[in-house]
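Okay, structure first, notes after.
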Amino acid sequence: MEIPILADIFKMFGLAMAVLALCTRLKVPTIVGFLVTGVLAGPYGLGLVRSAHEVEVMAEIGVVLLLFTIGIEFSLGELMKIRKRVLVGGSLQLLFTFVVALTVARLAGLSYTQGVYNGFLFSLSSTAIALRLLQQKAQVDSPHGRTSLGILIFQDIAVVPMMLAIPILAGTGGSPDEAFFRMGKGFLLVAAAFAAARWWVPRLLHRIAQTRDREFFLLTIVVICIGVAWITNEAGLSLSLGAFLAGLIISESEYSHQALGNILPFKDLFTTFFFISIGMLLDVSVIWANPLMVFLLTAGVLLAKTAVAAAATYFLGYPLRTMLLVGFTLSQVGEFSFVLAGVGVQNGLMNKESFQLFLAVSVMTMAMTPVVLAFAPRMVILANRLPLSARLRTGIGVDDAPPPSANQNHLVIIGYGLNGRNLARAAQNGGIGYDVIEMNPDVVRAERQAGVPIWYGDATQDAILEHVHVDKARVVVVAVSDPVATRRITHSVHRLNPDALLIVRTRYGTEVNALLALGASEVIPEEFETSIQIFTRVLREYDLPEGQVQAFVDEIRSDSYGVLRQYGSTQQALFRYVAGILK
């Protein structure tokens, strides 16, 4: 018996393997690879897929699982920790996008409804692409990384009301009373979801977890996901909303991480179908027929989204560097925009020609994101050379803050995370004069009220370093989470005060040589120190004399961890070294 869908899946996944191998070499995001696979396999490409309907069904499952995982990852507790970035930054980014979209729509002769709908489409950025690139560059914990993450969380949550609003915008949601009734049902379902998350589901999952049956647990998770999605759909709302609510129900239980781990492989598989199916819809002839229009629209979207996200970041109190990096990170169109575009086509808000043009521009913005972020540091440098106000460029108006301590031979701490806090506390207890530079305005305000000599600003700018008299400092410690910023700060501090003891913390051993070349006196790589602590405890467990253990630590730390860096692998180097000691 011939089963066409199996042959089509084999062709799609085989082609995807070849395309992703090329994308990996070119450092192009995986999502773009899936979209290109769909273009090649679809009816406008090689025509390899015959079971288009079955692929669309699996793509719909992918969307359901995508929203389900977002619901699981949604935690009120975690949200409150970055609530300002999420609520203020996210809402401002959406509001500014709507203003731009409405303005462009009116200038183009479109209706307000079209303007709002376009605001929906272009307000969303790609969580998958942005976070993947931030993780690759080790910038998730940097100021622009955390701000980008907060705005992305708000966007993902905003998808749900947007999907509810599209039928109302299109006039296909019935009379105003019916639309109000639909919204009321949505709120009741959300309330029921919170009640289930609080009382019913945790007890159910606890009982099932006690059976220690992995398959039983997984089946329960799938039933909750599909069941809530089905009930929501039967109530006249979307499957996607139901999937999000199902994830939300599970998110507050202590078993949410296990549930997420079980469902992620299925989500990854079915979202592959989703992105490939989107690519299958793209008619490449639209790009060939209108190359200039596609190029101009792509450039316009990238510039507009960068400006909007940067403006939202400005109102969070961050300086120009963070503003621009957040803007560049969120400059692409998001994967959920494809979902909203499909719903818009079904409800008559977008015709097929506009849909094809939207797909072409969206895919181009996604493909351009790695290139944009690669050149982002250089563009930030160029922007800092423009005749901007000190407040916009550095993040402070020097006259707004009291002058720093007039210490000489003092300590300057750049970055007030865990390491910076501990060092400041030690300096205070030891009677050492110090000043702190931090780029989070909320932290600065709170710590200044507590009496900490802390100053808000971008330490990559000379004006900030001069403000705390870094040229007179005896010791400067750089403890920020952004590798690019760390390099620039190291270079600037060494240039302004080459005699200072410049200690730089970094996460990765691969950064040591570069930072030493830029003028760092000592570089402390966290991955080396973590490994040293583990192995010293192992050595003590084997009853090695304390003097021999300390000699081991001293030798490893000498010459800027040269013993470890020459191997290129922390674990390999330490294993060889320890093996030599134990012989």
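The values are calculated or read from the model by the stated rules, or taken from the named source; none is laboratory data. Nothing here was measured: the structure is a model prediction, and the numbers come from that model. Glycine also receives a Cβ, built like all others from the backbone with ideal geometry; neighbour counts cover every protein chain displayed. Each accessible area value is taken on the protein alone, full model and side chains, heavy atoms only, with ligands, DNA and RNA left out. Shrake-Rupley method; radii C 1.70, N 1.55, O 1.52, S 1.80 Å.
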Practice prompt. For region 262-353, count the residues as N, evaluate 2.2 N^0.38 Å, and divide the Cα radius of gyration by that value, please.
Written response: 1.39
Worksheet entry | Exposure of Trp199 as accessible area (Å², to 10), given a probe of 1.4 Å and all protein chains | 150
Worksheet, complete the sentence: The extension gain from Thr103 to Val140, computed as 0.36 nm times the residue separation minus the Cα-Cα distance, is 10.0 nm
Fill in: Rough spin-label spacing in nm, given labels placed 7 Å along Cα→Cβ, for Asp499 and Leu110
6.3
Fill in: Relative packing of peptides 414-426, 434-446 - highest average C-beta neighbours within 10 Å first
434-446, 414-426
Worksheet item: Using the beta-carbon distance between Ala517 and Ile231 and R0 = 51 Å, what value does 1/(1 + (r/R0)^6) give for FRET efficiency, to the nearest 0.05?
Response: 0.25
Discussion item. Please compute, for the alpha-carbon atoms of region 424-506, the extent along each of the three principal axes and give them in descending order in Å.
Written reply: 32, 26, 24
Worksheet, complete the sentence: Normalised per residue, the volume inside the convex hull of the alpha-carbon atoms of region 407-451 in Å³ amounts to 74
Worksheet item: What is the packing order of peptides 349-362, 203-216, taking the mean over residues of other C-beta atoms within 10 Å and listing the highest first?
Response: 349-362, 203-216
Item to complete: Keeping all protein chains in place, calculate the accessible area per residue for region 467-533 (probe 1.4 angstrom), answer in Å².
Response: 42
Worksheet item: How far apart, in nm, are the 7 Å Cα→Cβ label points at Arg378 and Phe295?
Response: 1.9
Worksheet entry | Full-stretch length increase - Asp471, Arg83 - with 0.36 nm per residue and alpha-carbon distance subtracted | 136.0 nm
Discussion item. Using 5 Å bins from zero, what percent of all Cα-Cα pairs in region 491-541 falls into each bin?
Written reply: 5, 20, 23, 17, 13, 10, 7, 4, 2, 0
Discussion item. Defining a contact as two alpha carbons under 8 Å apart and six or more residues distant in sequence, what relative contact order in percent does region 504-550 show?
Written reply: 33
Fill in: Cβ-derived FRET efficiency at R0 41 Å, Ala192 paired with Lys11, nearest 0.05
0.45
Worksheet item: Taking 0.36 nm per intervening residue step and subtracting the Cα-Cα distance, what contour gain separates Ala426 from Leu22 on full extension?
Response: 140.3 nm
Discussion item. I'd like to compare 312-319, 7-14: which one has the highest average count of other Cβ atoms within 10 Å, and what's the full order after that?
Written reply: 312-319, 7-14
